[in-house]
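All of the numbers you see were taken from the coordinates with simple rules; none came from a lab. Since the model is a prediction, treat every value here as computed from it, not as a measurement. No Cβ is skipped: glycine too gets one built from the backbone with ideal geometry, and neighbour counts run over all protein chains shown.
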Amino acid sequence: MIRKIRLFTPGPTPLLPAAQFAMAAADMHHRTPEFRALFLKVLAQLKEFVGTKNDVVVLSSSGTGAMEAAVTNLTSPGDRVLVLTAGKFGERWTSLAKNFNCAVDVVEAPYGETFSIEAVKAGLRLETRAVFMQATETSTGVRHCVPAVAKLLKETGSEAMLVVDAITGLGTTHLDMDRWGVDVMIGGSQKAVMMSPGLSYLAVSERAWDRMEVTYNPRYYFDLRKERKNAVKGESAYTPAVSLIAALGAALDYIAAQAGTAENPAGSVAEGRKKLVENAETISAMTRAACVALGFKLFAPDAPSAAATAVLAPEGVDSGVICKELKSRFGATITNGQGEMQGKLFRIAHLGFFDYMDTMALIAALEQVVATKLPSLPDFQWGKGLVAAQELFASRALDAAATRTCFCGRADACCSLVHPEYGVMDVKPVH
């Protein structure tokens, strides 16, 4: 039988056709009125997508470039910074800060877990100049509680900048940069905005812009002040990735249209973002339910991300076998574990251009792999994963008018009916 190639990876993610068409048709010079109009529109849409009134700058780089820019623009050699890490991308913050001669304190949680607020408080010092963290740790499928960290910094009177890598968090998690007091929020093009790799973007608070005037780590291409100055005119400091910016505009138009009405078919990026998050929350919950029903163990059961689900391979089975079988037999590409977790877990993504049909197809294919390659899983029955996913989807659809997902997706003391930032929630959380 034929195999249609499908990505279920947390970046790059499946490409939106409209973004591909826009990229192919973007034959324009970057110092023209046509491009300036496009770029100004995209910058305004990005502010809505992030959910901020702060200025947003776009870089022609992967997300790691934006992470580096955050370090170099906000710190000076010798500055003490705090990194909150529980996976490979948290470790990247540590490497970046050390490479630019910061004095790095680390609060570390085991892979598959998140750090406690008590540990973060213990790691803070009076001289801490910045706190770096992820909204979602893609390497382990964990979601961190950004509002709790932001609240702690406010309560302690810390002058530290809060910098959040939301590269896989934006579009999969309800984030409120301005209300929580996040100073820098980072996103990337190959994630929830459904387009090719090559762009990153940073929303930057006024407090952070002020900090840049007194820091002196080396920066040139990644000087955010240059980008901000040029963005006012609809330009970038250096030659931009024109076709990718056109694709980003098409993707943001698509996201807005998901919230369109008969009166306003163009919709709203802010409302479309909420629907994008709800979609990721639903299909990630479907996937978790299906995997548990099939006999798998979740790697991050207490703080699951909606960006990607990390699942432990059965004892004695290399997770690469599962990845290989799904790709060779069904054309479905999922990802193995990273670093020390390679061979131990597999990851299924949910961010961006995924829907109910994609999710059900992947679960059905996974059942085929379980039946033929994983006899060690107990009590396998055809359809158990599909039924669990169907029931989850039906229950969320029925409860949609009466429930909502809590802000960080967790059901422990961080996000119960009494949220640390928002007080008593009027309805129960959905996990």
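Here's the yes/no breakdown for (1) surrounded by 22 or more Cβ atoms within 10 Å (Cβ to Cβ); (2) in a strand (DSSP E or B):
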{"residue": "G90", "(1), (2)": "yes, no"}
{"residue": "W93", "(1), (2)": "yes, no"}
{"residue": "V104", "(1), (2)": "no, yes"}
{"residue": "Y111", "(1), (2)": "yes, no"}
{"residue": "A119", "(1), (2)": "no, no"}
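Got a sec? Which of A394, A371, A361, A388 is in contact with a strand residue (DSSP E or B) (Cβ under 9 Å, 6 or more places away or on another chain) and assigned to a helix (DSSP H, G or I)? Reasoning before the result, please.
Numbers: A394 fails: in contact with a strand residue (DSSP E or B) (Cβ under 9 Å, 6 or more places away or on another chain); A371 fails: in contact with a strand residue (DSSP E or B) (Cβ under 9 Å, 6 or more places away or on another chain); A388 fails: in contact with a strand residue (DSSP E or B) (Cβ under 9 Å, 6 or more places away or on another chain).
When all the criteria are applied, what remains is A361.
Restricting to the range 330-354, name every residue that is touching a helix residue (DSSP H, G or I) at 6+ places or on another chain (Cβ under 7 Å), in a loop (DSSP other than H, G, I, E, B), farther than 26 Å from V277 by Cβ and of a type in the set (S, T, N, Q).
If the condition is that a residue be touching a helix residue (DSSP H, G or I) at 6+ places or on another chain (Cβ under 7 Å), in a loop (DSSP other than H, G, I, E, B), farther than 26 Å from V277 by Cβ and of a type in the set (S, T, N, Q), then no residue fits.
Can you work out which of the residues in the range 259-285 that are assigned to a helix (DSSP H, G or I) and free of Cβ contacts under 8 Å to residues at least 60 places away in the same chain is farthest from the chain's Cα centre (by Cα)? Explain how you work it out, then say what you get.
Filtering the range 259-285 down to residues assigned to a helix (DSSP H, G or I) leaves 269-285.
Next, from what is left, pick out any that are free of Cβ contacts under 8 Å to residues at least 60 places away in the same chain: 271-272, 275.
Details: E271: 18, G272: 16, K275: 15 Å.
Ranking the candidates gives E271 first.
Filter the helices (runs of 4 or more DSSP H) completely within the range 162-244 down to those with at least 3 residues that are free of Cβ contacts under 8 Å to residues at least 12 places away in the same chain.
224-231
Just checking, how many residues over the range 1-56 are assigned to a helix (DSSP H, G or I), of a type in the set (A, V, I, L, M) and either touching a Lys or Arg at 6+ places or on another chain (Cβ under 6 Å) or free of Cβ contacts under 8 Å to residues at least 24 places away in the same chain (or both)?
So the answer is 1.
For the range 122-137, which positions are outside any loop (DSSP other than H, G, I, E, B) and either closer than 14 Å to L162 by Cβ or not charged (D, E, K, R) (or both)?
A122, G123, T128, R129, A130, V131, F132, M133, Q134, T136
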